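Accompanying notes for the structure given below.
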Amino acid sequence: MNKNSFDIIIIGSGPAGLAAALAASAAGEKVIVLEQLSAPGRKLLASGGGRCNVSNILSPRDMANSFGKACRFVRHALYTYPNEKLCRFLEARGVEMELTDGFHWFPSSGKAQDVLQALCDDSQFEVITSCRAEKLVVEDGAVCGVKCGSKLYPADRVVLAGGGRSYAALGGNGGCYELARRAGHEVTATFPAMVGLQCAEEWVHDCAGIALPDAESRIALPEEKFRCRGELLFTHTGVSAFAILDISGRVSELLSQMPSVPLEINLFADRKFDDWMEIFAGWQKDFPTKTVAKLLSQEMPKKLAAYLAGDTELKAAGFSTAARRKLAENLTALKLNITSTDGWSKAMVTRGGVVLDEVDSRTLESRLVSGLFFAGEVLDVDGPCGGYNISWALASGFLTGKMVL
Ligand SMILES: Cc1cc2nc3c(=O)[nH]c(=O)nc-3n(C[C@H](O)[C@H](O)[C@H](O)COP(=O)(O)OP(=O)(O)OC[C@H]3O[C@@H](n4cnc5c(N)ncnc54)[C@H](O)[C@@H]3O)c2cc1C
């Protein structure tokens, strides 16, 4: 066994691992990337619906603040590699970047493949595919190699960049948590995040396929303040899309403590209870002979309007104050009991991971095992929808190798 075969071994060929490999090889080090799947970057290729939302326009400070309890930890990486540096890096490698809606950065080709190609500069480092890292070899508090089956890859630096537990087909089987644990690191409980939510109300399932463009959801518990806004999609099992995804990780966590989580949804985020009461008063005055269900269907698909209106024969003229108040309440604070999530196979990210206190946020080196680094989603870091997670993966990967951008 040649002790100095490689300067550094990267476990995982997602954006974090590839950025780490680029950083180390740019510094002249001999690098290999071990990837358990038959091809690199499978999740990156699926990201953003195959278009890969790399980042967004937020300042490093605002982006870091979007990472909740991990905000202090992610700060150094995000300040060192802010969105404009990440985009400039990709552009220097031939990937033209575009602000599609004034906020989200995507490759202007609309192809995640172009981003992967820019990261997978195989002239500088080797990616060994179909090679699952099974053990970190640690001696006297320092890492000295990685075992894959009977083969030992020696190196005195290893970057664990194996991602989270979601989308097993794209590599997310959570195996790297076990590697970290066996090296002495603590790993938090993990929960599916950025995932659809399933509810007990069967009428919701009947509305599958209906979408509303701008809704806002909140967890209806006193201590929960976060609100999540955007498109709302009714599914065969519950609700999904942007009005749900960013709140789903917290709902997942709560579901481990209680059988169901109460959710309240304002179906039209800009309208308050009193706005609807005014609209209903207008209906009574101007369209007394029309049914409430018909009038409501001018605002939303007919089927949903009928469920919300309840009595489909009720005319605007006979719309009592109590019935008006009830409908306004349902439109602005629709109550759903969330009983589960769509699970790991559909979760875009993992909430939880390697405990942050045991990792130095300025270098991402383990505080317990010298030479062991972490990057990307394997850590207890998850951001909202909108380029935050890939930004974190890239920035943290570059940081492990002190990439000069
Ligand atoms: C469908 C989908 C769409 C998404 N869209 C976006 C988006 O548009 N923008 C955004 O910011 N985020 C998006 N995300 C989230 C984002 O893709 C992830 O947060 C990001 O890929 C994490 O990067 P990573 O390098 O840490 O891990 P990963 O990309 O998961 O890569 C980890 C790699 O390590 C490999 N691996 C794991 N264990 C081992 C082992 N023991 N040995 C060898 N290899 C191993 C895995 O096979 C995998 O290839 C999306 C996620 C999904 C599932």
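Throughout, read-outs are computed from the coordinates displayed, never taken from laboratory work. In this text the structure is predicted, and so the values were computed from the model without any measurement. For neighbour counting, all protein chains shown are included, and Cβ atoms are generated from backbone atoms with ideal geometry for every residue, glycine included.
Descriptive notes on the structure:
- Counted charge near Glu313, where neighbours are those whose Cβ lies closer than 12 Å (Asp, Glu -1; Lys, Arg +1): +2
- Axis angle, to the nearest 10 degrees, between helix 242-255 and the longest C-alpha principal axis of the chain: 70 degrees.
- Convex hull of segment 19-118 built on C-alpha atoms - directionally averaged projected area, nm²: 7.5 nm²
- Within the chain: Cβ-based charge dipole about Cα centre, in debye rounded to nearest 20 (Lys, Arg +1; Asp, Glu -1): 180 debye
- Cross-link pairs beyond the 25 Å C-alpha cut-off, checked among Lys225/Lys302; Lys285/Lys326; Lys69/Lys272; Lys272/Lys315; Lys111/Lys225; Lys151/Lys346: Lys225/Lys302; Lys69/Lys272; Lys111/Lys225; Lys151/Lys346
- Rg/Rh for segment 360-405 (Cα atoms only, Rh after Kirkwood) is 0.99.
- Principal-axis tilt of helix 321-332 within the chain, Cα atoms, nearest 10 degrees: 20 degrees
- Length added when fully stretched, Ala322-Gln113, from 0.36 nm per residue minus Cα-Cα: 69.6 nm
- In the chain, the longest principal axis of the Cα atoms and the axis of helix 388-400 are about 10 degrees apart.
- Sum of -39500 (n - 2.57) over DSSP H runs of 4+, divided by residues of the chain (222 nm, nearest 500): -9000 deg cm²/dmol
- Interchain or long-range residues, amide H under 5 Å from Ser55's placed H: Trp105
- Glu84/Glu134 FRET efficiency (R0 60 Å; Cβ-Cβ; nearest 0.05): 0.95
- Amide H to amide H, with H built 1.01 Å from N, Lys30 comes under 5 Å of Asp7, Ile8, counting only residues 5 or more places away or on other chains.
- Computed from the C-beta positions of Arg61 and Asp286 and an R0 of 41 Å, the FRET efficiency is 0.25 to the nearest 0.05.
- Distance between modelled label sites at Ser38 and Gln257, nm, 7 Å Cα→Cβ extension: 4.4 nm
- Dipole magnitude of segment 196-342 about its Cα centre (Cβ charges: Lys, Arg +1; Asp, Glu -1), debye to nearest 20: 440 debye
- Couplings 3J(HN,Hα) of segment 333-341, computed from phi: 8, 5, 9, 10, 9, 7, 9, 6, 10 Hz, in residue order, whole Hz [Karplus 6.51 cos²θ - 1.76 cosθ + 1.60, θ = phi - 60°; x for Gly and Pro].
- Fluctuation leader among Ala193, Ala19, Ala183 - the chain, Gaussian network, Cα springs under 10 angstrom: Ala183
- Derived value for the chain: Kirkwood hydrodynamic radius 22.8 Å. Basis is the mean of 1/r over every pair of different alpha-carbon atoms.
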